[in-house]
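S.K.: Quick one: structure below, then a few questions.
The values are calculated or read from the model by the stated rules, or taken from the named source; none is laboratory data. Worth saying up front: this structure is predicted, and the values here are computed from it rather than measured. For neighbour counting, all protein chains shown are included, and Cβ atoms are generated from backbone atoms with ideal geometry for every residue, glycine included.
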Amino acid sequence: MKILLAVLGLLALIILIIGGSYIGSRNEMVRKNEAIKQAWAQVDVVLQRRADLIPNLVATVKGYAAQEVKVFGDVANARAALLSARTPADKIAANGQLDGALGRLLAIVENYPNLKSNQNFLALQDELAGTENRIAVERRRYNEAIQDYNTFIGLFPNFIFAKWAGFQRNNDYFAASESARQVPKVDFSAPKP
């Protein structure tokens, strides 16, 4: 009888240890998942700020460069895609499209010296630059939150508990777009007459 009680006590202890570990791991997974959501909310806020600045920037540039219709359309389409995206993955893709369109818009500015000295344009460009810095910081924080979560649910025994509780790996990282990976061409040779 004592042996049976000892075995039952040992089994109860093992069940308590595993149950306690499961509950602790699950609670930590919930915390880390919420940290990802909070970090994404911050990314979303700064992406919205940039999207709100774009119409003013485009309107200012349009006054000087009316013939650049395609670029203005690309910016408008990319902005609309960002504003209509619902999931983090869709917003990340739309953000890459917007990055490229904004890059083309700002490249136009080089052709219009009067625009580069316009006070409204300079103020908008400064706000946009500040917003881009905020976006970079929030993207980094978001990626760190995802990495922390993915690492936690990948460790033993957490990966077992994650599977039981329905937690899955999150791969919605922000990464540089293909256009950002292109090396710019710089030509210092004198123009040919």
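S.K.: List, please: which pairs have Cβ atoms under 9 Å, are six or more places apart or on different chains, and start with a residue in segment 75-90 that is without any contact (Cβ under 8 Å) to a residue 24 or more places away in the chain and end with one that is among the small types (G, A, S) and exposed (fewer than 14 other Cβ atoms within 10 Å of the Cβ)?
M.R.: Between residues of segment 75-90 that are without any contact (Cβ under 8 Å) to a residue 24 or more places away in the chain and residues that are among the small types (G, A, S) and exposed (fewer than 14 other Cβ atoms within 10 Å of the Cβ), the close pairs are D90/S84.
S.K.: While we're on this one: Six or more apart or on different chains, Cβ under 9 Å: which pairs go from a residue in segment 137-149 that's acidic (D, E) and assigned to a helix (DSSP H, G or I) to one that's surrounded by fewer than 17 Cβ atoms within 10 Å (Cβ to Cβ) and at pLDDT below 95? Could you list them?
M.R.: E138/D44; E138/V45
S.K.: Let me ask another. Just wondering, is there one or more residues in segment 158-170 that are in a helix (DSSP H, G or I), of a type outside the set (D, E), more than 27 Å from A39 (Cβ to Cβ) and modelled with pLDDT of 80 or more? So that I can check it myself, show each step before the final result.
M.R.: Going through segment 158-170, the residues in a helix (DSSP H, G or I) turn out to be 158-165.
From what is left, the residues that are of a type outside the set (D, E) are 158-165.
Next, only the ones that are more than 27 Å from A39 (Cβ to Cβ) stay: none.
No, every residue in segment 158-170 fails to be in a helix (DSSP H, G or I), of a type outside the set (D, E), more than 27 Å from A39 (Cβ to Cβ) and modelled with pLDDT of 80 or more.
S.K.: With the condition kept exactly as written, say whether any residue in segment 44-58 is among the β-branched types (V, I, T), surrounded by 12 or more Cβ atoms within 10 Å (Cβ to Cβ) and at pLDDT 85 or above.
M.R.: The first filter runs over segment 44-58 and keeps only residues among the β-branched types (V, I, T), leaving 45-46, 54, 58.
With surrounded by 12 or more Cβ atoms within 10 Å (Cβ to Cβ) added as a condition, the list becomes 45-46, 54, 58.
Still in the running and at pLDDT 85 or above: 45-46.
Yes, segment 44-58 contains a residue that is among the β-branched types (V, I, T), surrounded by 12 or more Cβ atoms within 10 Å (Cβ to Cβ) and at pLDDT 85 or above.
S.K.: Another question, then. Which condition number in (1) in contact (Cβ under 8 Å) with a residue 40 or more places away in the chain; (2) of a type outside the set (S, T, Y); (3) part of a helix (DSSP H, G or I) is the one that N111 fails?
M.R.: Only one criterion in (1) in contact (Cβ under 8 Å) with a residue 40 or more places away in the chain; (2) of a type outside the set (S, T, Y); (3) part of a helix (DSSP H, G or I) is unmet by N111, namely (3).
S.K.: Could you please give the count of residues in segment 80-114 that are closer than 17 Å to V58 by Cβ and among the basic types (K, R)?
M.R.: Counting residues in segment 80-114 that are closer than 17 Å to V58 by Cβ and among the basic types (K, R) gives 1.
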